[in-house]
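Following: one structure in structure tokens, then a few remarks.
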Ligand SMILES: O=C(O)CCC(=O)C(=O)O
């Protein structure tokens, strides 16, 4: 499922691409339920980098259809950089401020691509992803940390620009579809005003050869090889969810100690 030339051109021009088919509605629903079970086990505590601990998240991050599309954009040596589950319950009022994914990372090249996989309907009413097409062409722009209740970006990271809402495009997806966006694309989302949960799983992919100056946790090899050695690789495996949850709790403590608490850890 490589991208066509037209799709690649569209991505390079606008900084995003959608909708792309991935899972059936039923398959997406099973992933949503598995993700929900993990959330319930966390009793309201943050879920961070779920692909390092939980099978459902790792499976989603390594889906060949997504990797084929990503390979068309960043080449064959692909690492899973990071993941986030964005869960908006009906009426919970949470939103995502306008931001660029890579603001803190200090990448050697702006080559990271994010896939946003819809595990529910994600339309305007449900508070779907919104993007500012073409904004990636300006490179990394200044942000301010504006903490606000309900912002899923804990740091409150917000681009220092007057974003014209008229320029925003709503990336509407049905359950099981996905979108792609460029690391420098300005994007965000509004609250969910529908009566269903809006659930998306975001996976960020980096080519093995791209360096990051900001300290980073371990990566997972998604495809190809890593001859560059820029990142430590994650090799932990867990026998069951209990063990995974304990390791997840230890990982969160470790993140706080090596400054990634400042990073854009989302929901
Ligand atoms: O899911 C959302 O509402 C925002 C997603 C987002 O900011 C991202 O994938 O980087």
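Annotations for the structure displayed:
- Globularity ratio of the stretch 1-120, using Cα Rg and 2.2 N^0.38 Å: 1.15
- Inter-probe distance in nm under a simple model that places probes 7 Å from Cα toward Cβ, at residue 142 and residue 164: 2.1
- Taking N as its residue count, the alpha carbon Rg of the chain over 2.2 N^0.38 Å: 0.93
- Three-way shape label, the stretch 34-103, alpha-carbon gyration tensor, a/c 1.5: oblate
- Mean Cβ neighbour count within 10 Å, used as a protection proxy, ranking 180-187, 148-155 highest first: 180-187, 148-155
- Relative exposure of 252, 88, judged by other C-beta atoms within 10 Å (fewest first): 252, 88
- Helical runs (DSSP H, four residues minimum) scored at -39500 (n - 2.57) apiece and divided by the length of the chain put the mean residue ellipticity at 222 nm at -7500 deg cm²/dmol.
Bear in mind these aren't lab numbers, they're just calculated from the coordinates by the rules spelled out. Note that the structure is predicted; figures quoted are calculated from it, not measured. Glycine gets a Cβ as well: all are built from the backbone with ideal geometry, and neighbour counts include every protein chain shown.
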